[in-house]
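K.L.:
I have a structure I would like to understand better, so I am pasting it below and will then ask my questions one at a time.
The values are calculated or read from the model by the stated rules, or taken from the named source; none is laboratory data. Because the structure is a prediction, the values reported are computed rather than measured. For neighbour counting, all protein chains shown are included, and Cβ atoms are generated from backbone atoms with ideal geometry for every residue, glycine included. Only protein heavy atoms, including side chains, enter the accessible area calculation; ligands, DNA and RNA are left aside. Shrake-Rupley method; radii C 1.70, N 1.55, O 1.52, S 1.80 Å.
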Amino acid sequence: MMCVMAAVMEGPLADLSSWKPTHCSIAKALDLVGTRSAILILREAYYGTRRFDGFAARVGITDAAASAQLRKLTEAGLLTKQPYREEGQRTRNEYVLTDMGRDLLPVVLALMQWGDAYLQPGPAPLQVIEEATGAPVRVEVRSAGGGEIGLDELGIRLNPDWRR
């Protein structure tokens, strides 16, 4: 027999049939970064790619697709353009992560960690480490007190500060 684990929905959220997640932050985030190319462009920005040609080549997408995704991520505030000019060339823009873009890092690392665990046929191809110590890095769900929290230990309730 399989144990069913789920978050505990509290208050008016407990009856799932009585409400719709119309203001869902997950849906809003996916609207912005829910495509393969958007996530892979962010991955490349975390790896240090900054120039248009690098994004297109490393993600394996057309220039048009790279341009569209970079424009979308820039307009949304995850990346910002910074001009640069190589000697004898015209001024161009490179793309740099903003605080908003850097704050998405745990999401991308969690996807990587999940893919390493469930989709790789053997050991993970890359290791994410703390540069100073070489210690492995893991993304986990923890309470403000520091304890790791499992799915069945999560509670979800309406935020009293949220206004419709």
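K.L.:
Go through segment 33-133 and name the GluC sites (Glu not before Pro) that are in a DSSP coil and have 12 or fewer other Cβ atoms within 10 Å of their Cβ.
P.N.:
Qualifying residues, ordered by number: E86, E87, E130, E131.
K.L.:
Given a 1.4 Å probe, how much area per residue of the chain is accessible, in Å²?
P.N.:
Ligands and nucleic acids excluded, the figure is 74 Å² per residue.
K.L.:
Compute the distance in nm between two label points, each set 7 Å from the Cα along the Cα-to-Cβ direction, one at A144 and one at T35.
P.N.:
Result for the modelled spin labels: 3.8 nm.
K.L.:
Here's another thing I want to ask about it. What's the angle, to the nearest 10 degrees (0 to 90), between helix 36-47's Cα axis and the longest principal axis of the chain?
P.N.:
70 degrees
K.L.:
Just Q89, Q113, Q127 to compare: in a GNM of the chain, with alpha carbon springs under 10 Å, which one fluctuates most?
P.N.:
Comparing Q89, Q113, Q127 in a Gaussian network model of the chain, the most mobile one is Q89.
K.L.:
Further question on the same structure: Just checking my list (i) 9.8; (ii) 11.3; (iii) 15.3 against mean projected area of the Cα convex hull in nm² computed from this structure; which label fits?
P.N.:
(iii)
K.L.:
Still on this structure, I have one more. In what sequence, highest mean first, do 103-111, 13-21 appear when ranked by Cβ atoms within 10 angstrom?
P.N.:
103-111, 13-21
K.L.:
Oh, and also: Tell me which chymotrypsin sites (Phe, Trp or Tyr not before Pro) from segment 61-164 have a DSSP coil assignment and no more than 15 other beta carbons within 10 Å of their own.
P.N.:
Of the chymotrypsin sites (Phe, Trp or Tyr not before Pro), the ones in loops of segment 61-164 whose Cβ has at most 15 other Cβ atoms within 10 Å are W162.
K.L.:
Here is a further query. Give me the percent of the accessible area of segment 1-75 that comes from carbon and sulfur atoms, probe 1.4 Å, all protein chains in place.
P.N.:
Accessible surface attributable to carbon and sulfur in segment 1-75 totals 61 percent.
K.L.:
I've got another one for you. Under a plain spin-label model, where a point goes 7 Å from the Cα along Cα-to-Cβ, how far apart in nm are C24 and T91?
P.N.:
In this crude spin-label approximation the distance works out to 4.4 nm.
K.L.:
Could you work out how far helix 63-76 tilts from the main Cα principal axis of the chain, as a 0 to 90 degree angle to the nearest 10?
P.N.:
60 degrees
K.L.:
Here is a further query. Let me check I've understood the local charge: for E94, count other residues with C-beta under 13 angstrom from its C-beta, Lys and Arg +1, Asp and Glu -1. What total comes out?
P.N.:
Its environment carries a net charge of +2.
K.L.:
Shifting gears a bit: Where nothing but the Cβ of Lys and Arg (+1) and of Asp and Glu (-1) is charged, how large is the charge dipole of segment 6-164 around its Cα centre, in debye to the nearest 20?
P.N.:
Here the size comes out at about 680 debye.
K.L.:
A further question on this structure: For D63, what charge total do you get from the other residues with a beta carbon under 14 Å from its beta carbon, if Lys and Arg give +1 and Asp and Glu give -1?
P.N.:
+3
K.L.:
To the nearest Å, what is the center-to-center distance of segment 126-155 and segment 77-109, using C-alpha atoms only?
P.N.:
Measuring centre to centre over Cα atoms gives 27 Å.
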